[in-house]
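Remarks on the structure that follows.
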Amino acid sequence: MVLIRSYYAASQAAQAIPAKPIETDVSTQCAMDTAKQWIAECTANHKRCQFSGVPRLPSRVLDVGPAVDGVSVTLHITNPHSPEHQEYVALSYCWGGPQPITTTLATLQSLRTGAEVAQFPQTIRDAIEVTRKLGFRFLWIDSICIIQDSDSDKEYEINRMSTVYKNATVTIAAAVASTANEGFLRVVRNPWRFREVSWALDGQTTTTLSIAGFKPYSLRLPLHRRGWTFQESLLSRRVLQYEDLDLVWRCQTGRPRSYLSKGISSFDHSTSLPAGVFQCGLQNKPLNMTRNARHRLWNGLIYKYSARELTDKDDRLRALAGVAQELAKVWGDTYLFGLWKSCIVEQLLWFCVQGYERQARRSPRAPTWSWVSLDCHVGFCPVYTTLALAEVSGSATSREIRLLCKVVSKAEIPPGCLRDSVYDNKTDVVEDDNLDEISYFLILGKPVRKEGDYVLALKVIKAGGAQGFRRIGYAELHTFEELTSRQPCSVTLI
Ligand SMILES: [Zn+2]
């Protein structure tokens, strides 16, 4: 994508190209007024975005006080037995390393008494300023509202994060900042490297255009590269995103809106959660969404999420748990280590995205059939027909899947029937080259493809009992006579 600007309002090019993203200050009163207007319009007119009643405050929130220029803030603790219903703002940002000030068992009391705004890192100071100027009093920030040295508090609050973001009136997304010290309001916004080119406007009049490269969503902004912030964005009812080029608004209705450049947005338009996640009346009722539609949505989410970075790789399941919690409610489905019970056969057919497989490491945090067991970027193979039946227990912690499917050993496959180029690229982790020789293939489906006669298979080796297997990769096979006539058998994947 390219950005184009014309130099002077009076130039011919300026008349043809009205968007001129030259001004980049998003800390002005005008920017704040625009943000307030977006919030007001959304709360008054957007049915899909509305919360019924006033949300309940999270366990702890930062009370930024009524004064716009107050020098201190306090940590407000809500009474679990007497819920407080107040509007609040949430912050989504990159920590970028240890935080200079957090809530711990030792600092909890002093933060309740009060802390000077100047003590906080710049991103939090900016968030306090925006919260005040938008007219809100309470702000939720993970480093301040979760007790960082209490495992029990962390577990409790992380389980509630989907509600925290979903119920916030608006989430401030500090997308431009890669660390909490950078801030997002008054940063020097991306100085684009424009190149000047001549342009014949009407075939006769020549004018000058300035063109600069522009990377789309997820490749550019620090917030879009971090794992935890993925669900913070998805679960937010409304987002006010401070980017490197602009201030952008997104809610559950309509396309994103931008303050400066009128249309250049870094939001990923293709990813949003079903409306039932946000609409109280639809919650806890299985959504009328086809199995294919659920599968497509989930595949898109995992493709994007798995490419993001996590400081602790073992957070791979936890950092997406809020989204899974919400979808389990609206889909009435069971979530199993990153896959959905209703689409389990299709979703077993994931693979390491080409170029990333060498980074992959197998971890015992999840069974081998789950993409969560690896640390690499994963994709799902488009499946046209499933050729296996799966039986999984209703428990989300069950590590075993029973499959009824055709099984062939590598030795039984005639030469040329294993698609070598694909096969080579889809081995999960190269643990031991000799494993290939003792591998088997579980036939699970047919691809979305008209030409050729292929089947999609998991590459496995024997493990855990007579009919037990563990996954070592993914493969595509040409069908062959013996495979066609083979009867399915029952196997267990661990
Ligand atoms: Zn809205």
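The values are calculated or read from the model by the stated rules, or taken from the named source; none is laboratory data. Small disclaimer: the values here were computed from a predicted structure and weren't measured. Note that we place each Cβ from the backbone using ideal geometry, even for glycine, and neighbour counts take in every protein chain shown.
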Given the conditions (1) at pLDDT 95 or above; (2) touching a helix residue (DSSP H, G or I) at 6+ places or on another chain (Cβ under 7 Å), report the number of the one that residue 49 does not fulfil. (1)
Subset of the stretch 73-114 (residues that are surrounded by fewer than 13 Cβ atoms within 10 Å (Cβ to Cβ) and aliphatic (A, V, I, L, M)): 105, 106
Does residue 20 satisfy the condition of being at pLDDT 90 or above and closer than 25 Å to residue 175 by Cα? no
Considering 192, 249, which residue is at pLDDT below 75, out of contact with any Ser or Thr (no Cβ under 7 Å at 6 or more places or on another chain) and either among the hydroxyl-bearing types (Ser, Thr, Tyr) or crowded, with 16+ Cβ neighbours inside 10 Å (or both)? 192
Does residue 266 qualify as being polar (S, T, N, Q), assigned by TED's automatic domain parsing to the domain that holds residue 95, modelled with pLDDT under 90 and more than 16 Å from the ligand (Cβ to nearest atom)? yes
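To keep it simple, each residue is scored yes or no on (1) free of Cβ contacts under 8 Å to residues at least 40 places away in the same chain; (2) in contact with an Asp or Glu (Cβ under 7 Å, 6 or more places away or on another chain); (3) not small (Gly, Ala, Ser).
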site: 133; (1), (2), (3): no, no, yes
site: 148; (1), (2), (3): no, no, yes
site: 155; (1), (2), (3): yes, no, yes
site: 158; (1), (2), (3): no, no, yes
site: 161; (1), (2), (3): no, no, yes
site: 167; (1), (2), (3): no, no, yes
site: 173; (1), (2), (3): no, no, no
site: 178; (1), (2), (3): no, no, no
Against the definition (under 21 Å from residue 88 (Cβ atoms), among the β-branched types (Val, Ile, Thr) and either modelled with pLDDT of 90 or more or away from the ligand (no atom under 16 Å from the Cβ) (or both)), how does residue 208 come out, yes or no? no
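Answer yes or no: is there a residue in the stretch 175-188 that is assigned to a strand (DSSP E or B) and of a type outside the set (Lys, Arg). Talk me through it step by step, then tell me what you get.
Keep residues of the stretch 175-188 that are assigned to a strand (DSSP E or B), which gives none.
No - not one qualifying residue is present in the stretch 175-188.
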Tabulated pairs, the stretch 367-386, first charged (D, E, K, R), second surrounded by fewer than 21 Cβ atoms within 10 Å (Cβ to Cβ), C-beta under 9 angstrom, 6+ apart or interchain: 375/310; 375/313; 375/359; 375/360; 375/361; 375/362; 375/363
Restricting to the stretch 319-336, name every residue that is in contact with a helix residue (DSSP H, G or I) (Cβ under 7 Å, 6 or more places away or on another chain), part of a helix (DSSP H, G or I) and surrounded by fewer than 20 Cβ atoms within 10 Å (Cβ to Cβ). 325
Scan the stretch 236-257 for residues that are in a loop (DSSP other than H, G, I, E, B) and within 15 Å of the ligand (Cβ to nearest atom) and report the count. 9
Of the residues in the stretch 49-80, those that are within 16 Å of the ligand (Cβ to nearest atom) and part of a loop (DSSP other than H, G, I, E, B) number 4
Just wondering, is there one or more residues in the stretch 373-388 that are in contact with a Phe, Trp or Tyr (Cβ under 9 Å, 6 or more places away or on another chain), of a type in the set (Val, Ile, Thr) and in a strand (DSSP E or B)? yes
Please return the ranges of helices (runs of 4 or more DSSP H) entirely within the stretch 122-174 where 1 or more residues are closer than 14 Å to residue 95 by Cα. 122-134, 142-145
Top-ranked residue of the stretch 34-46 - restricted to ones that are surrounded by fewer than 17 Cβ atoms within 10 Å (Cβ to Cβ) and either more than 9 Å from the ligand (Cβ to nearest atom) or at positive phi (or both), ranked as modelled with the lowest pLDDT: 44
Residue 152 within 24 Å of the chain's Cα centre (by Cα) and at pLDDT 95 or above: no
